[in-house]
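Have a look at the structure below, then the notes.
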Amino acid sequence: MTNIDTRCVAVFTARSPDRIIREGGSQAWVLDANRVRKTPYLVCIQNLHNDDRDFSDATEPHGSVFLVGKIRDVVPSADDPGDRWKIEISEFARIKDPTNVWMAWRNPVKYGLLEHFKIDVDSLTFEPMPTMPLAESPRLQEPTTSSAEFAPLSFAAAKRGLSAFYGVPQEAIEIVIRG
């Protein structure tokens, strides 16, 4: 095994690997965003026992690790803004032989090492995340001029994002518009 940082955050998710890849990561989690930003890996463990078909499209064996991602950032979740977060990934590796590792922990978010979840980082083959077409990107809208423009943003959404990025409470952020 290589001498690399194998810290990870594991999530017990009802979403499929294809959806996680399509959405650019896993969401909507209650977690310590600053801690997760310092963690190299996301481990996705399948939860087949979620009956909400709008939310769940699980496809892998229950309790098994099915995807490992390299964490790029942690941002407020578009699915459930407020106290919930999306763990964005820059690369992913599908697990070819899923192994049941879920120990019925009380919390669906678990911090640990890849080894705790029976993952050998040397056996993983990472692929870059697919690029999202401009029209589907949550951060951009179709360009109205020669350069792309940011989508409209409310004060509340801006404060949530700045709070997450800088690690300060939303109450500490003041936004001034001078027109």
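Miscellaneous remarks
- The range 1-29 residues near the modelled Asp51 label - backbone nitrogen below 17 Å, point 7 Å along Cα→Cβ: 14
- Working from label points 7 Å from Cα in the Cα-to-Cβ sense, the Ile175 to Ala156 distance is 1.2 nm.
- About the Cα centre, charge dipole magnitude for the range 45-118 (Lys/Arg +1, Asp/Glu -1 at Cβ), debye: 340
- Candidate lysines - alpha carbon under 23 Å from Lys159, same-chain residues fewer than 8 apart omitted: Lys38, Lys86
- Percent of beta bridges antiparallel (DSSP, the range 7-130, rounded to nearest 5): 80
- Footprinting exposure proxy for Ile177, Ile21, Ile95 (fewest neighbouring C-beta atoms within 10 Å first): Ile177, Ile21, Ile95
- Rounded to the nearest 20 debye, the dipole magnitude of the range 7-130 is 360 debye, with +1 charges on Lys and Arg beta carbons, -1 on Asp and Glu beta carbons, and the Cα centre as origin.
Values in this text are rule-based calculations from the coordinates and carry no lab data. All values reported here derive from a predicted model rather than from experimental measurement. Neighbour counts are summed over all protein chains in view; Cβ atoms, including those assigned to glycine, are modelled from backbone coordinates with ideal geometry.
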